[in-house]
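> Sharing a structure with you now.
The values are calculated or read from the model by the stated rules, or taken from the named source; none is laboratory data. On a predicted model such as this, the values are computed, not experimentally measured, just so you know. Cβ coordinates were reconstructed from backbone atoms using ideal geometry, including for glycine residues, and neighbour counts include every protein chain displayed.
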Amino acid sequence: MIITLSPGMNITPTRLIENARVKQWKYALECADVGGGLMPGSQLKVAEVGKAPGQMFVVARLPGTDPPRFLKISGAEFAGCFRVSVVGEY
C-alpha cells in the first residue's frame, strides 16, 4: 500500500520523540523544541511535503502550540518514527 502524504493529513509518532532524537535528524536546525517529548499516538498536522528525490521531507505542526511550532522530518526519519494517523484513531 502506498500512501501519499499531503498538507492537512495527520501523522503520529510510533515511538517517543524527544529533543535528543530530533537533534540528530537531517533537518534538526529547522525543528522546534519538543519540550517534554511527543508520545506515541500524538497527532501532528502535516503542513508541507517535499517530494524531490534525495530530499523528501514532511513539515508537521506540533500539537497545542500557539504560535505554531513545527518539525521538519526527512523521509527516512518519517519511516522509522511516524505513521499516517487513521481516521477516528485516539
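> Taking interchain pairs and intrachain pairs at least six residues apart, which have beta carbon atoms under 7 angstrom, with the first residue in segment 36-57 and farther than 15 Å from R83 by Cα and the second of a type in the set (D, E, K, R) and surrounded by fewer than 14 Cβ atoms within 10 Å (Cβ to Cβ)?
Within 7 Å, the pairs are G37/E18.
> Could you say whether any residue in segment 65-81 is surrounded by 15 or more Cβ atoms within 10 Å (Cβ to Cβ), of a type outside the set (S, T, N, Q), within 12 Å of the chain's Cα centre (by Cα) and in a loop (DSSP other than H, G, I, E, B)? Lay out the reasoning, then the answer.
First pass over segment 65-81, keeping only residues surrounded by 15 or more Cβ atoms within 10 Å (Cβ to Cβ): 69-75, 77-78, 81.
After this cut, where a residue has to be of a type outside the set (S, T, N, Q) as well, the list is 69-73, 75, 77-78, 81.
Imposing the further condition that a residue be within 12 Å of the chain's Cα centre (by Cα) reduces the set to 69-73, 75, 77-78, 81.
Next cut, in a loop (DSSP other than H, G, I, E, B) only: 69.
The answer is yes, given that some residue of segment 65-81 is surrounded by 15 or more Cβ atoms within 10 Å (Cβ to Cβ), of a type outside the set (S, T, N, Q), within 12 Å of the chain's Cα centre (by Cα) and in a loop (DSSP other than H, G, I, E, B).
> Report, by residue number, each residue of segment 46-73 that is among the small types (G, A, S) and modelled with pLDDT of 95 or more.
Scanning segment 46-73 gives A47, A60.
> Six or more apart or on different chains, Cβ atoms under 7 Å: show the pairs whose first residue is in segment 13-29 and within 10 Å of E77 (Cβ to Cβ) and whose second is not hydrophobic (A, V, I, L, M, F, W, C).
I17/G37; W25/S74; W25/E77; K26/S74; K26/E77; Y27/K72; Y27/S74
> While we're here: Against the conditions (1) part of a strand (DSSP E or B); (2) surrounded by fewer than 16 Cβ atoms within 10 Å (Cβ to Cβ), where does K45 fall short? Just the number, please.
Among (1) part of a strand (DSSP E or B); (2) surrounded by fewer than 16 Cβ atoms within 10 Å (Cβ to Cβ), the lone unmet condition for K45 is (2).
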